[in-house]
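None of the figures in this text is laboratory data; all of them are computed from the coordinates on show. The structure displayed is predicted, hence computed values, not measured ones. For neighbour counting, all protein chains shown are included, and Cβ atoms are generated from backbone atoms with ideal geometry for every residue, glycine included.
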Amino acid sequence: MPAPKSFPDDPTGEVLQQLKEDGANFDIPHSVDFYIAVATEETAQNLGEALSEAGYEVELAFDEEEEEWAVVCICEMLLDYDKITETEKALEQLSQPFGGELDGWGTYPEM
């Protein structure tokens, strides 16, 4: 799947456009990290458990600068706008009962 010529004008589209400009290979899967911010370690653990049960690979991290916990969901996927936004929506729904807030996503581009 070659990279599209353009992406929607939103944060996800902007990241994908930057990855395209950086030479990312859109034909191969990438490890994409989705970040969900929560207030406490206990909440991070509970959300992480729920996301693991839903089939996501999960890591927990404390953000010292923001003084909050992050639940990182790691997904192997193509850099496809629709798939990324679908994953964001699914994670938002799963995180909502825990007070989690989706805080973006990122990847290290495979060339």
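Shown in residue order for region 55-71 are the 3J(HN,Hα) couplings computed by the Karplus curve 6.51 cos²θ - 1.76 cosθ + 1.60 at θ = phi - 60°: x, 8, 7, 10, 10, 10, 8, 9, 8, 5, 5, 8, 6, 8, 8, 10, 9 Hz (x for Gly and Pro). For the chain, modelled as a GNM whose springs connect Cα atoms under 10 angstrom apart, the maximal fluctuation among Ala24, Ala44, Ala90 occurs at Ala90. The helix-only estimate of mean residue ellipticity at 222 nm for the chain, built from DSSP H runs of length n ≥ 4 each weighted as -39500 (n - 2.57), is -11000 deg cm²/dmol after division by the residue total. If the chain linking Glu66 and Ala90 were pulled fully straight, counting 0.36 nm for each residue of separation and taking away their Cα-Cα distance, it would gain 6.2 nm.
For Phe26, nonlocal amide neighbours, meaning residues 5 or more places apart or on other chains whose placed amide H falls under 5 Å from its own, are Ala3.
What ranking of Thr12, Thr87 emerges when the number of other C-beta atoms within 10 Å of each C-beta is taken as an exposure proxy, fewest first? Could you put the intermediate results ahead of the total?
On the way: Thr12 16, Thr87 19.
Going from least to most buried by this count: Thr12, Thr87.
Residue exposure proxy: Leu19, Leu78, Leu47, ordered by other Cβ atoms within 10 angstrom of their Cβ from fewest to most, comes out as Leu78, Leu19, Leu47.
If you take the beta carbon distance between Tyr81 and Glu41 as r and set R0 to 30 Å, what does 1/(1 + (r/R0)^6) give as a FRET efficiency, to the nearest 0.05? Calculated value: 0.35.
Return Ser95, Ser6, Ser31 ranked ascending by Cβ neighbour count within 10 Å, so the fewest neighbours appear first. Fewest-to-most Cβ neighbours within 10 Å comes out as Ser6, Ser31, Ser95.
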